[in-house]
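Structure, as structure tokens:
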Amino acid sequence: MFRVKRLDIEGCYLITPNVYMESTCDLIKIFNESQFNIYGLSTEFKEEYYAIAKPGVVRGIHFQLPPEEHDKLITCIMGEIQDVVIDLRKKSKSFGKYITVELNESNRNLIYVPSGCAHGYYIKGDKQALVYYKVTKPFIKELRGGVHWNSLDIPWEFNKDEVEVEIEDESWNRFEEFNSPF
């Protein structure tokens, strides 16, 4: 069983999996079709991947453009991240709002991010993070879009002068200047 908590962005959920402890390892189930169906979450994942990111880095805030937008299921298997989601869906009750959650190897939480939302994270602590994704449509680099990471007064857990950011991520428009395709 999972514990599923609705977040302040419409269609976004924090999922806490059960951990089955053995004497030599922990077994952590991150997906179960019938339980996802209870909450109306997509179970048609088409691709899975992981990112290895060094500490002190911000990634995002990314989305995939229509018609290839996708739902995401994300967890942090090793290390810790401050995860951020922004609702870009113009007709959503939570349009223009953001949430932040902690994902790490200790809490083992997952976040379900619906299509039409942008996603990013900051790698906390002093070790690399291993971030695992399941997505409902394949990632297509040419269809990646983004919103500038320093938009909306997001309360990042770092000094903005001391963070490392990819060149591409610095180039995205701020939310205030962004014309959403969703």
Quick one: SER92 ticks every box in (1) buried (at least 16 other Cβ atoms within 10 Å of the Cβ); (2) in contact with a strand residue (DSSP E or B) (Cβ under 7 Å, 6 or more places away or on another chain) bar one, so which box is it? (2)
Need the failing condition index for THR24 against (1) loosely packed, with under 12 Cβ neighbours inside 10 Å; (2) assigned to a loop (DSSP other than H, G, I, E, B); (3) within 20 Å of the chain's Cα centre (by Cα), just the number. (3)
Tally of residues being out of contact with any Lys or Arg (no Cβ under 6 Å at 6 or more places or on another chain), part of a strand (DSSP E or B) and more than 16 Å from ALA129 (Cβ to Cβ) across region 42-61: 2
Lone qualifier among GLY60, GLY56 - being closer than 25 Å to GLU157 by Cβ and over 15 Å from the mean Cα position of the chain (by Cα): GLY56
Looking only at region 91-113, count how many residues are under 22 Å from ASN150 (Cβ atoms), assigned to a loop (DSSP other than H, G, I, E, B) and of a type outside the set (Ser, Thr, Tyr). 3
Restricted to region 42-54, and to residues that are at pLDDT 95 or above and not charged (D, E, K, R), which residue is nearest to PRO181 (Cα to Cα)? PHE45
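For the condition crowded, with 17+ Cβ neighbours inside 10 Å and either of a type in the set (Phe, Trp, Tyr) or within 29 Å of GLU33 (Cβ to Cβ) (or both), what is the one hit in GLY120, GLY145?
Working: GLY145 fails: either of a type in the set (Phe, Trp, Tyr) or within 29 Å of GLU33 (Cβ to Cβ) (or both).
None of the others qualify; the one that does is GLY120.
Could you tell me whether any residue of region 6-23 is in contact with a Gly (Cβ under 9 Å, 6 or more places away or on another chain) and of a type in the set (A, V, I, L, M)? Walk me through how you get there before you give the answer.
Of all residues in region 6-23, those in contact with a Gly (Cβ under 9 Å, 6 or more places away or on another chain) come to 11.
From what is left, the residues that are of a type in the set (A, V, I, L, M) are none.
There is no residue in region 6-23 that is in contact with a Gly (Cβ under 9 Å, 6 or more places away or on another chain) and of a type in the set (A, V, I, L, M).
Kindly indicate which of TYR49, TYR13 is surrounded by fewer than 20 Cβ atoms within 10 Å (Cβ to Cβ) and aromatic (Phe, Trp, Tyr). Steps first, answer last, please.
Working: TYR13 fails: surrounded by fewer than 20 Cβ atoms within 10 Å (Cβ to Cβ).
That would be TYR49, the only listed residue that is surrounded by fewer than 20 Cβ atoms within 10 Å (Cβ to Cβ) and aromatic (Phe, Trp, Tyr).
The values are calculated or read from the model by the stated rules, or taken from the named source; none is laboratory data. Being a predicted model, the structure only gives us computed values, none of them experimental. FYI the Cβ positions are ideal-geometry reconstructions off the backbone, even for glycines, and counts take in every protein chain you see.
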